[in-house]
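Every number in this text was worked out from the coordinates using simple rules, so none of it is lab data. Here the structure is a predicted model, which means the values were calculated and not measured.
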């Protein structure tokens, strides 16, 4: 857990980040790597931020674990934390229905200039699931 200074906390609040976003960012929720994931995929959004999602998926197509890495702003970090929290325990079909609105609702909103961050998280998850499903269908 990294410690934000009072000044950094205030800067994030002044920029329009909710306390929940700041908390997820500060605590680096689900930031990391899954050793031997069933799928991992990196995607760079149009804004230049990059997210890499790691998924552990059961034989019943349920997401057992999800982690992520990112290069970007607190909006990207908190969106990654939110989507990896939301997706755990969901089937792949349920995971495909996670929307940017679900992330925004979970986060309590984001500054207007950061509304592209949930899209980065959703797109990265969708691409990872597609890759996993395509690999699974391929004959060995």
- Task: Can you give me the P(r) profile for the range 75-128? Cα pairs, bins 10 angstrom wide beginning at 0, each as a whole percent.
- Result: 27, 60, 12, 0
- Considering only DSSP beta bridges where both residues belong to the chain, give the percentage that are antiparallel (nearest 5). 95
- Message: Report the gain in length on full extension from residue 126 to residue 31: 0.36 nm times residue separation, minus Cα-Cα distance, nm rounded to one decimal.
- Response: 32.4 nm
- Item | Whole-number Å³ per residue for the convex hull built on Cα positions in the range 6-137 | 94
